[in-house]
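Structure record follows, encoded as structure tokens.
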Amino acid sequence: MSESTALDQLGTDLGRDPGTTHAEDVTRSVVPLHADRGIYENDKDFFVERDGVRFAGTHLIIDLWGCEGIDDIDRIDRAMRDSVEAAGATLLHIHLHHFTPNSGVSGVAVLAESHISVHSWPECGYAAFDVFMCGDAQPHKAVEVLKEAFGPSRVQVTEHLRGSD
């Protein structure tokens, strides 16, 4: 695939004149509803508020050490699907890839509410998960699912509230 074709598919064709349009280009007119917050009449506001803080979504960085089964792509697929379900999110697409020679797995579950991503190092017993969810989803529920799926000896979870005021 040529570079320009790939960029076209991503909507970032850097080589074309920005003043031109393609059939795929979408023009959207919006009427400001809350200009002070950047919310428009045609947009839904999926920001949430917790403990007086307004933010776009919760991003969890989950480090698992001493894991079992993090070279098993089917086990990782099941754990990601179970995490989505437990969190009350909506799975749109999942893609996982095996790496050689260590059989590590890398991939992403694309959600209506954002994503879950993984990269594993079976030779070290380590897996890195990112869980980012917006709206009513409950990303913290994914942590327990991942702990049960891989039996880590140690877990570290860091939370970042994306888009906080």
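The values are calculated or read from the model by the stated rules, or taken from the named source; none is laboratory data. From a predicted model like this one, the values you see are computed outputs, not experimental measurements. All Cβ positions, even for glycine, are placed from backbone atoms using ideal geometry, and neighbour counts span all protein chains on display. Only protein heavy atoms, including side chains, enter the accessible area calculation; ligands, DNA and RNA are left aside. Shrake-Rupley method; radii C 1.70, N 1.55, O 1.52, S 1.80 Å.
Odds and ends about this structure:
- Pairs where the first residue, in segment 141-152, is at pLDDT below 95 and the second is open to solvent by 20 Å² or more (accessible area, probe 1.4 Å), C-beta under 8 Å, 6+ apart: none
- Qualifying positions in segment 81-111 - small (Gly, Ala, Ser) and more than 22 Å from Glu144 (Cβ to Cβ): Ser103, Gly104, Ser106
- Inside segment 68-83, residues that are under 21 Å from Glu159 (Cα atoms) and in contact (Cβ under 8 Å) with a residue 40 or more places away in the chain make up a count of 3.
- Candidate set from segment 98-129 (those that are part of a strand (DSSP E or B) and in contact (Cβ under 8 Å) with a residue 60 or more places away in the chain); member that is most open to solvent (accessible area, probe 1.4 Å): Tyr126
- Matching option when the condition is of a type outside the set (D, E, K, R) and farther than 20 Å from Asp74 by Cα, among His115, His93, His97, His140: His140
- Here Ala137 meets each of (1) open to solvent by 20 Å² or more (accessible area, probe 1.4 Å); (2) at pLDDT below 95; (3) in contact with an Asp or Glu (Cβ under 8 Å, 6 or more places away or on another chain) with one exception, condition (1).
- Hits in segment 60-75 (condition: within 15 Å of the chain's Cα centre (by Cα) and either open to solvent by 40 Å² or more (accessible area, probe 1.4 Å) or under 14 Å from Ser106 (Cβ atoms) (or both)): Ile61
- Within segment 141-165, the set of residues being in contact with a strand residue (DSSP E or B) (Cβ under 7 Å, 6 or more places away or on another chain) and outside any strand (DSSP E or B) comprises Ala142, Val143, Leu146, Lys147, Phe150, Pro152, Ser153, Gly163, Ser164, Asp165.
- Being touching a strand residue (DSSP E or B) at 6+ places or on another chain (Cβ under 7 Å), among the charged types (D, E, K, R) and modelled with pLDDT under 95 is not true of Glu49.
- Checking Phe132 against (1) part of a strand (DSSP E or B); (2) buried (at least 22 other Cβ atoms within 10 Å of the Cβ), the condition it does not meet: (2)
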